Amino acid sequence: MILCRGVFHSLIGVKSADRATIVTLFGPEPNPIAAPDDAFYWARTMRRSFGLIMSGNKKVPSREGGHAKTVIFASHNRPERKQMYVAALSGDDDADFVRLDQVPNGLTWFERFPLVLVVLSWGAIVFPLAFLRRNRSAFSRILETVEAVCLCSYVHQKQASRFYFFSAFVRNANLISLLLSRYVGVHVTKVPSANPLVHYKYCVCDEVILTASFQVPQYHQFRENWYVPTVRIWRPLGHVTFPSSSYRKAPGDKRTVGLLSSGQWWRKERGDAFDEQRAKMLKAESDLHHALHEYLQKNSGGRVILYPHPSEKVNAETYSRAVEVYSERIGDSRLEIVKPDERTHDRFDESDTFVSLWSTSAVEALYCGQKVILARLGCPAAVESKALENISVSDVAGLQRMLDECLSLSADEFFDRFGLQQFRHDYFGDTPTPVD
């Protein structure tokens, strides 16, 4: 019914939650590397769809003596952090966690039969597209719809009343939210990470918790296509696991620069699709590495600590390659690279000033009261924010000047001079703040 209503509203130009659901479900891939490139993609997708429909109910732990009232749906990365965040938000410290890549099936056998017919009919309609590469992803919509229906039936079976959706940039996010809210009666809250809201131009749910101050103007930009009664802002997701050492408490050493990597070189080496924007970021990253090499050459007491992107330390081989690349570009005599088993935030206190093209860790460093420089170096701004513009530099000469200035400032002087108080931890209260 949602799909039919959404298509109808799209045809007649009516804005609605149903139309927003259709726009995102049939929109572009969130990840450009995900485009299928073989002629049998349709067969694998249909097999996975039928496999999910016919699978037995997958159980996840719930409270003893009854059903959990809260379900968390997110990627498998650090589930305990999401559970702690939800506990801080709602007080429910015993929520069920469901992985994004392991959708459970709550369908009864009676409910599975009509869904099989829908999949067969849909598959027959789009089958002629199976051998046209640019249209092959049409089959993924079938699987995404099946996943949404199976997940919603599971949440209904669990008798949950609240659903927290992390990683809600997937194409079927709005379909899942609308099914749960409208037909299951569950309150759906989406929690985007502290990144630009580029995948939230259309949003359907009961509530959104923003996690960075720069997301507020983005919400105002997109709100015409947001069907969300309540929007609030709170602390970034990672704050629940930051050790006390993450927060700036003492003056820095005025010589150690922390490089928060975005790992563009590694994305290129592993074969990610690179458009014009990513190509600019790749060059900017290389320029940044060479600029830090120059900083070490000019400052005999200077030091660089490199905090690898998670993708750069996914295994020993990748990390070894990262050490090789950074040692070659920056120099290894006064360069230290954080080990794979060490968390970025655990070593925030060892750097005086951080530099980054753009990363969630940069926003989290600001939250912890650390000094941060955003080195755009020819790239457009990741977000439109007057405050972040104050700490952004567009060329290597500007970066060198900014480094000299920031290294000489205390943390309080830095936040006051550049007007960044709304990013620091002491700006937030114990509960989320409503956004107008």
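Taking the condition of being part of a loop (DSSP other than H, G, I, E, B) and either open to solvent by less than 30 Å² (accessible area, probe 1.4 Å) or touching a Lys or Arg at 6+ places or on another chain (Cβ under 8 Å) (or both), how many residues in the stretch 207-244 meet it?
8
Of everything in the stretch 257-275, what is more than 17 Å from the chain's Cα centre (by Cα) and closer than 11 Å to Ser356 by Cα? Give them in sequence order.
Result: Val257, Gly258, Leu259.
Residue by residue, here is whether (1) crowded, with 22+ Cβ neighbours inside 10 Å; (2) touching a residue at least 24 places away in the same chain (Cβ under 8 Å) holds:
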{"site": "Ala362", "(1), (2)": "yes, yes"}
{"site": "Lys371", "(1), (2)": "yes, yes"}
{"site": "Leu374", "(1), (2)": "yes, no"}
{"site": "Gln400", "(1), (2)": "no, yes"}
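Restricting the search to the stretch 379-398, which residues are part of a loop (DSSP other than H, G, I, E, B), aliphatic (A, V, I, L, M) and crowded, with 17+ Cβ neighbours inside 10 Å?
Ala382, Val383, Ile391
Scan the stretch 326-339 residue by residue and report those that are surrounded by fewer than 15 Cβ atoms within 10 Å (Cβ to Cβ) and part of a helix (DSSP H, G or I).
Across the stretch 326-339, the qualifying residues are Ser327, Glu328.
State the number of residues belonging to the stretch 132-167 that are modelled with pLDDT of 85 or more and part of a loop (DSSP other than H, G, I, E, B).
Residues flagged as modelled with pLDDT of 85 or more and part of a loop (DSSP other than H, G, I, E, B) within the stretch 132-167 amount to 4.
Anything in the stretch 96-110 that is among the acidic types (Asp, Glu) and surrounded by 15 or more Cβ atoms within 10 Å (Cβ to Cβ)? List them, or say none.
The one that is among the acidic types (Asp, Glu) and surrounded by 15 or more Cβ atoms within 10 Å (Cβ to Cβ): Asp96.
For residues that are assigned to a helix (DSSP H, G or I) and open to solvent by 10 Å² or more (accessible area, probe 1.4 Å), tally how many sit in the stretch 340-360.
7
Which is within 23 Å of Arg81 (Cα to Cα) and either basic (Lys, Arg) or in contact (Cβ under 8 Å) with a residue 12 or more places away in the chain (or both), of Arg270, Arg235, Arg223, Arg278?
Matching residue, one of Arg270, Arg235, Arg223, Arg278: Arg235.
Could you check the stretch 296-312 and list, in sequence order, the residues that are in a helix (DSSP H, G or I) and surrounded by fewer than 20 Cβ atoms within 10 Å (Cβ to Cβ)?
Leu296, Gln297, Lys298, Pro310, Ser311
Is the stretch 194-204 home to any residue that is crowded, with 24+ Cβ neighbours inside 10 Å, touching a residue at least 12 places away in the same chain (Cβ under 8 Å), assigned to a strand (DSSP E or B) and in contact with a helix residue (DSSP H, G or I) (Cβ under 6 Å, 6 or more places away or on another chain)?
yes
Is it the case that the stretch 70-89 has a residue that's modelled with pLDDT of 80 or more, closer than 23 Å to Val204 by Cβ and surrounded by fewer than 19 Cβ atoms within 10 Å (Cβ to Cβ)?
no
Can you tell me which of Ser181, Ser153, Ser177 is over 18 Å from Val23 (Cβ atoms) and either more than 16 Å from the chain's Cα centre (by Cα) or touching a residue at least 40 places away in the same chain (Cβ under 8 Å) (or both)?
Step by step, each of Ser181, Ser153, Ser177 is checked, and only Ser153 is over 18 Å from Val23 (Cβ atoms) and either more than 16 Å from the chain's Cα centre (by Cα) or touching a residue at least 40 places away in the same chain (Cβ under 8 Å) (or both).
From the set of residues in the stretch 402-436 that are small (Gly, Ala, Ser) and surrounded by fewer than 16 Cβ atoms within 10 Å (Cβ to Cβ), which is farthest from the chain's Cα centre (by Cα)?
Checked the stretch 402-436; the qualifying residue farthest from the chain's Cα centre (by Cα) is Ser408.
Quick one: count up the residues across the stretch 90-110 that are under 18 Å from the mean Cα position of the chain (by Cα), at pLDDT 85 or above and aliphatic (A, V, I, L, M).
1
The values are calculated or read from the model by the stated rules, or taken from the named source; none is laboratory data. Since we're looking at a predicted model, the values are computed, not measured. Virtual Cβ from ideal backbone geometry, glycine too; neighbours counted across all protein chains shown. Note: areas computed on protein heavy atoms with side chains; ligands, DNA, RNA excluded. Shrake-Rupley method; radii C 1.70, N 1.55, O 1.52, S 1.80 Å.
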